[in-house]
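K.L.:
Have a look at this one.
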Amino acid sequence: MGETPQKINRQQYRDARQPKFYSGTDYPLLKTVKIENAIEAAQENKLSVIITDLYQASEDVNQINRRIEQNYLNVNNIEADYAVGIVAIKSEFNGEVYREDDSGSKFRYTTHNTQGNKIKEFRPFYLIFLGKYSDIAFYFNKISKENKIPTDSQLNIFSANHLIEEVSYLDGEAVPQKKSVQKIAAVGSPRIEVNEEKIHLFRVNANPDKEIPINYSVPLRLYSHTLLPFSNIETETTVQIFDNLEKKLLESNDSGLKQALQLNQWEKDGEGNLKFVTTIKPNRLQDSGFYYFTIDAKAKGVAAEKWWSEWSSSNNNSQDWKTFNLEPFLQGLQVSTNTLMAKSPPVIGRFCYGIEAK
């Protein structure tokens, strides 16, 4: 993966598993490593895997991100369902680390002393998977379930199409924090019962000056190794009002009425549930009557993970275990993914409420 990629023969492939391949004696050292040269146009039945230490200068990181977006994470490929997978593994390393500058300087990193005792943190190496989401997910699940990698390894899949296995709905008991709202089992006109649909029904007392927060925790069924869709969640609200003359629900386009119910404070708890707060604003309800709200929560982006910054270094002269410019590289993949999601934000939750205003 130097300036000009070269294919290797069978013997060279075998040698690539030995230190001599990289020592500069039997094979010449590569003064320039261009990972982007290994990123070719996506193909239907091809899965590419790049093994690298990802120790890259800023301009190299930009080149890699651009090439990945050009060939995989772009709007033209979204229906083809291409994705990018990252496996980060800390491993024993005894060898030279070349700094990313024009000096050609290097430092030696050793994880064990001559007595075999660990004296430094293992240095990570990375596998970059490029191809169909289904192929990447297959291998990720296999190496995870069969304990093929150390337990402190990290696995992320960047995909705009595969965030959740199924849409979340209201489930369990709501927790109103105000006495001005009462959870009910049914309303008589129209006849709507909780057990008929995944909805929650409330009776709201006339108290127009106070907002009513209600805490929720519902199952969140994410695909394995996917990133959390919490960096930017928007809601789309549909409101229907029961018409006493026509004896049916009629849709309302009143923008103020749509603000009568708001969802925010999204987060995932330690048990894999989606937590959020539903806020009822009685002063936005026009009159007494029955209102039916359907709120779709749409993810416009994925959130960064904590390990991105913890494993990354911004100091090219550092001699620790961390990876130079790792976080900017992963953030570049995040931006490409978020750009695709913003084109057609996936629905991660559909939450239905009936409010009887008195």
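The values are calculated or read from the model by the stated rules, or taken from the named source; none is laboratory data. Since the structure is predicted, the reported quantities are computational estimates derived from the model, not experimental observations. In this analysis, Cβ positions are derived from the backbone assuming ideal geometry, glycine residues included, and neighbour counts consider all displayed protein chains. Side chains included, ligands, DNA and RNA excluded: accessible areas come from the protein's heavy atoms. Shrake-Rupley method; radii C 1.70, N 1.55, O 1.52, S 1.80 Å.
K.L.:
Give the carbon-plus-sulfur fraction of the accessible surface of the chain in %, rounded to a whole number; probe 1.4 Å, heavy atoms of protein chains only.
P.N.:
Details: 8450 of 19390 Å².
C and S fraction of accessible area: 44 percent.
K.L.:
Would you mind listing how long the range 55-165 runs along its three principal axes, going by Cα atoms, in whole Å with the largest first?
P.N.:
Sorted from largest, the Cα extents of the range 55-165 read 53, 40, 16 Å.
K.L.:
Just in the range 198-295: which trypsin sites (Lys or Arg not before Pro) are loop by DSSP and have at most 11 other Cβ atoms within 10 Å?
P.N.:
Lys247
K.L.:
Jot down the per residue volume, in cubic angstrom and as a whole number, of the convex hull over the alpha-carbon atoms of the range 214-261.
P.N.:
So the per-residue hull volume is 150 Å³.
K.L.:
Ok, one more. Only Cα pairs under 8 Å and at least 6 apart count here; give the relative contact order of the range 303-344 as a rounded whole percent.
P.N.:
Working: 28 pairs, mean separation 14.9, N = 42.
Relative CO of the range 303-344 lands at 36 percent.
K.L.:
For the chain, set up a GNM with springs between Cα atoms under 10 Å and report which of Gly332, Gly85, Gly95 has the largest fluctuation.
P.N.:
Gly95
K.L.:
Let me ask something additional. Which whole-Hz couplings ³J(HN,Hα) result when phi for each residue of the range 148-158 is put into the Karplus expression 6.51 cos²θ - 1.76 cosθ + 1.60, θ = phi - 60°, listed in order with x for Gly and Pro?
P.N.:
In residue order, the calculated couplings are 7, 10, x, 5, 8, 6, 10, 10, 10, 10, 9 Hz.
K.L.:
Using modelled amide H (1.01 Å from N, peptide plane; none on Pro or chain starts), what sits under 5 Å from the amide H of Asp243, excluding residues fewer than 5 places away?
P.N.:
Hits under the 5 Å cutoff: Lys248, Leu249, Leu250.
K.L.:
Another question about this same structure. Pull up the cross-link candidates among the aspartates and glutamates for Lys258, meaning alpha carbon to alpha carbon under 12 Å and not fewer than 8 places away within one chain.
P.N.:
Glu236
K.L.:
Still on this structure, please answer the following. At 37 °C and 0.692 mPa s, grab the translational diffusion coefficient of the range 234-358 from Stokes-Einstein with a Kirkwood Rh over Cα pairs, rounded to a whole number in µm² per second.
P.N.:
Here the translational diffusion coefficient equals 183 µm²/s.
K.L.:
How large, in Å, is the chain by the Kirkwood hydrodynamic radius built from its alpha-carbon pairs?
P.N.:
Result for the chain, one decimal place: 24.0 Å.
K.L.:
With the convex hull built on the Cα atoms of the range 291-341, state its orientation-averaged projected area in nm².
P.N.:
4.8 nm²
K.L.:
Something else now. I need two numbers for the range 198-285: Rg to one decimal and Dmax as a whole number, Cα atoms only, in Å.
P.N.:
Considering the range 198-285 through its Cα atoms, Rg and Dmax are 16.0, 52 Å.
K.L.:
Where the only charges are on Cβ atoms (+1 Lys, Arg; -1 Asp, Glu), what is the dipole of the chain about its Cα centre, to the nearest 20 debye?
P.N.:
On the way: 43 positive and 46 negative charges, 119 e Å.
Dipole magnitude for the chain comes out near 580 debye.
K.L.:
Another question, then. Count the net charge of all other residues whose Cβ sits under 14 Å from the Cβ of Leu263, scoring Lys and Arg as +1 and Asp and Glu as -1.
P.N.:
Around Leu263, the charge tally is 0.
K.L.:
A further question follows. Name the residues whose placed amide hydrogens come within less than 5 Å of the amide hydrogen of Gln56, ignoring near sequence neighbours (fewer than 5 apart) on the same chain.
P.N.:
Distant-sequence amide H within range of Gln56: Phe324.
K.L.:
Still on this structure, I have one more. Counting only heavy atoms of the protein chains, get the accessible area per residue of the range 35-84 (1.4 Å probe) and round it to a whole Å² value.
P.N.:
Numbers: 2530 Å² over 50 residues.
Ligands and nucleic acids excluded, the result is 51 Å² per residue.
K.L.:
Let me ask something else. For the range 54-103, count all C-alpha to C-alpha pairs, find those more than 14 Å apart, and express that count as a whole percent of the total.
P.N.:
Beyond 14 Å sits 68 percent of the P(r) for the range 54-103.
K.L.:
Hey, another quick one. How far apart, in nm, are the 7 Å Cα→Cβ label points at Trp321 and Asn273?
P.N.:
That separation, rounded to one decimal, is 3.5 nm.
K.L.:
Let me ask you something else. For n ≥ 4 DSSP H runs only, could you compute -39500 (n - 2.57) per run for the chain, divide by its residues and tell me the 222 nm figure to the nearest 500?
P.N.:
-5000 deg cm²/dmol
K.L.:
Also, I was wondering about something else. Normalised by the number of residues in the chain, what is the relative contact order in percent for Cα pairs under 8 Å and 6+ residues apart?
P.N.:
19 percent
K.L.:
For the range 213-358, what is the accessible area per residue in Å², given a 1.4 Å probe and the full set of protein chains?
P.N.:
Here the per-residue accessible area is 45 Å².
K.L.:
When all C-alpha to C-alpha distances in the range 263-316 are sorted into bins of 5 Å, what percent of pairs does each bin hold, rounded to whole numbers?
P.N.:
Final binned percentages: 4, 11, 14, 17, 13, 11, 10, 7, 4, 3, 3, 2, 0, 0.
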